[in-house]
């Protein structure tokens, strides 16, 4: 019984296999190609994949065939392509497959977009030449899936770059600062501007869905832009490759929604208030509201030499209150033109480190008011990440007033104890380790940046107990719309436990002065431990110098005894 | 009459080079720590000098360490034996009382055992604990971004700074005492002379 069934099954398989094998022959090769080409000589050597004549001209069953034949239908085989075409403008304009493809010779006469669309002006496209040169038509008019930027720099036969030195934070990614540093280094070594080749590769879902309306600017320039990866290859003796932040090459543009969140948007400045015509917005527009600032600015080198107008540094669509910009953001404003700032500051020990915590105007705008800014961040193995309002909302809920939580005694100044207990509270509720990061920033800007070539190059302007920023210390608390800045008590800096306050060590904060000693002496006995704790790292110098005095006194007594007792 | 030959030539040369390095490090260190004390004109140069003298001190330490390791000096001069521990009170008593009455130093330096027990403890602490600590923390300071992970693992910049500065204070304490005690030989210049000629009076 089993044998019989098996036999039947094998027979069936053989029949099916034979059928499949001859399927092509049975269905499409009723008429051999050679018979067709006997009359239709011009199609000799035709090429359409594996298909033969009869596969498309399938209404021919015998030769000679009827004079009027049906037109072959591409979608018989290319079903999905037809569907893709239907979604786009080409179907609407009744463009047929054969308008672009030579069906008998696929590789011949393949049309490119420009052959039909040679008169497209792209009038409204900003930076037209750049865009048209860099991106193929389907990048904007197709359905783009992923984007990738390849950058190549040829340094000849020199191996100039060591990525270990350029990628200072060791995250295997070149960011804004590192990129500028890299370029200025290469330019310096090559003694000319290095040639930069950028290839913007866009992978589209299919080439047949073509839209008349291009993708919006935000598709690439938005927050979640198309280009998520960029790779740099530096060709020297060897070719070295590293990832680069794609946002260096594709700048983020704001949307109207984003604009509403900016300080201009919040204060009710509408589009037409600035955009009086289609011409670019000039300084005159800004002066109407910011005259005071311009009066300072117009006397400076920047304005006098016509080097920069307001909008060169301030993006009016993205304008944040100055306090909201991070140190890196602030440096980037200047670095757009002063690309070689790292090279120029080589005289400064720990150059890159300084720029991590300082902005340019800290030194180059002496009249600006400086302060120290603390931020909450979470720490893991990779480094620190700032905590945003969302994180606080998740921890404390949306109704809790965080400012009130920190400033427990509501005296509008944060003390060391208040800060420690808040961070401990945060650590308990947040699953990651919370720390405080810090930077030195300009809190009130004076727009005169003419100070250059600081001949004195005085380090002690900052590394001293009376450095200006010690007087103005703030902690930034993320709010739903912006940040709230609460002053911090001056003694905090030397006393926050190292596990909380991790990354800043200037020298002035560890100096003890007579006021500290006076405060300690005049404090009640109960208060003394607290005052001592607030002194924190200041105690090192205090103890050190005290011990030196004791040692010297001991030696003095010893000398006296040596002289007197011997006698 | 010449006494025992206690300081071999390489150690004498090392001692004076190291002394110069340490003094330069202390001077530049003071200005770095207290910028209002202006010893050198430019703070930047002070930072660089401190850095390069720091590297020099590391090399000098390595020379000293391997010299003693190869010649067996650690066992001869630094190993604290039971009799040394027992001799500590007597040695301390000498410095605090005996010396004023021109008593004899209970320890006589020889080529095979040149330090008294108190010297052994002090020099071992300075050379085997504080020098490596200060050199290591100093090297971490030389390129903060490069060593960021190490620094973070140690507890951050401020902890590193505290360790480095506290060790530096210990060096200063030590140096003051060392300089004074170098005058406590038979004559006030005896020890200093022996560090030049190699022979103790």
Qualifying residue in the range A:504-520 (condition: at pLDDT below 80, in contact with a strand residue (DSSP E or B) (Cβ under 7 Å, 6 or more places away or on another chain) and at negative phi): yes
Matching residues, the range B:96-114, being in contact (Cβ under 8 Å) with a residue 60 or more places away in the chain and farther than 29 Å from residue B:71 by Cβ: B:99
Residue check for residue A:102: free of Cβ contacts under 8 Å to residues at least 12 places away in the same chain and not in a loop (DSSP other than H, G, I, E, B): no
Output for the range A:362-394, where each listed residue is assigned to a loop (DSSP other than H, G, I, E, B), more than 30 Å from residue A:450 (Cα to Cα) and in contact (Cβ under 8 Å) with a residue 24 or more places away in the chain: A:382, A:387, A:388
Residue B:13, sole failed condition from (1) away from chain A (no Cβ under 14 Å); (2) within 20 Å of the chain's Cα centre (by Cα); (3) touching a residue at least 40 places away in the same chain (Cβ under 8 Å): (3)
Any hit, the range A:75-82, residues being more than 42 Å from the chain's Cα centre (by Cα), part of a strand (DSSP E or B) and surrounded by 12 or more Cβ atoms within 10 Å (Cβ to Cβ): no
Set A:417, A:401, A:448: member being crowded, with 16+ Cβ neighbours inside 10 Å, out of contact with any strand residue (DSSP E or B) (no Cβ under 9 Å at 6 or more places or on another chain) and over 27 Å from residue B:158 (Cβ atoms): A:448
Members of the range A:143-167 that are over 20 Å from the mean Cα position of the chain (by Cα), at pLDDT below 85 and in a loop (DSSP other than H, G, I, E, B): A:155, A:156, A:157, A:158, A:159, A:160, A:161, A:162
Condition check for residue A:545: touching a helix residue (DSSP H, G or I) at 6+ places or on another chain (Cβ under 8 Å), farther than 30 Å from residue A:358 by Cα and either surrounded by 14 or more Cβ atoms within 10 Å (Cβ to Cβ) or within 14 Å of chain B (Cβ to nearest Cβ) (or both): no
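A quick yes/no check of all residues on (1) over 30 Å from residue B:98 (Cα atoms); (2) away from every other protein chain (no Cβ under 11 Å):
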site: B:140; (1), (2): yes, yes
site: B:144; (1), (2): yes, no
site: B:151; (1), (2): yes, no
site: B:156; (1), (2): yes, no
site: B:162; (1), (2): yes, no
site: B:173; (1), (2): no, no
site: B:182; (1), (2): no, yes
site: B:187; (1), (2): no, yes
site: B:199; (1), (2): no, yes
Single residue of A:493, A:464 found to be within 15 Å of residue A:373 (Cβ to Cβ) and facing chain B (nearest Cβ under 10 Å): A:493
Every residue from the range A:110-129 that is loosely packed, with under 11 Cβ neighbours inside 10 Å, under 32 Å from the mean Cα position of the chain (by Cα) and not in a helix (DSSP H, G or I): A:121, A:123, A:124, A:126, A:127
Which numbered condition residue A:474 fails, given (1) surrounded by 17 or more Cβ atoms within 10 Å (Cβ to Cβ); (2) touching a strand residue (DSSP E or B) at 6+ places or on another chain (Cβ under 9 Å); (3) more than 16 Å from residue A:442 (Cβ to Cβ): (3)
Identity of the residue in the range A:505-535, more than 7 Å from chain B (Cβ to nearest Cβ) and within 38 Å of the chain's Cα centre (by Cα), that ends up surrounded by the fewest Cβ atoms within 10 Å (Cβ to Cβ): A:508
In the range B:169-178, the residues that are under 17 Å from residue B:115 (Cβ atoms) and over 10 Å from the mean Cα position of the chain (by Cα): B:177
Condition check for residue A:95: surrounded by 14 or more Cβ atoms within 10 Å (Cβ to Cβ), under 22 Å from residue A:201 (Cα atoms) and modelled with pLDDT of 80 or more: no
Scope the range A:255-272; condition in contact (Cβ under 8 Å) with a residue 40 or more places away in the chain and closer than 21 Å to residue A:135 by Cβ; matching residues: none
Filter result for the condition that a residue is out of contact with any strand residue (DSSP E or B) (no Cβ under 7 Å at 6 or more places or on another chain) and closer than 30 Å to residue A:354 by Cβ, over B:154, B:128, B:179: B:154
Single match in B:151, B:170 (criterion: modelled with pLDDT under 90 and surrounded by 17 or more Cβ atoms within 10 Å (Cβ to Cβ)): B:151
Helices (runs of 4 or more DSSP H) within the range A:1-47 that include 3 or more residues more than 21 Å from residue A:63 (Cβ to Cβ) and modelled with pLDDT under 65: A:2-21
Filter result for residue A:383 (under 22 Å from the mean Cα position of the chain (by Cα) and on the phi > 0 side of the Ramachandran plot): yes
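The values are calculated or read from the model by the stated rules, or taken from the named source; none is laboratory data. Since the structure is predicted, the reported quantities are computational estimates derived from the model, not experimental observations. Positions of Cβ are backbone-derived with ideal geometry, glycine not excepted, and every protein chain shown enters the neighbour counts.
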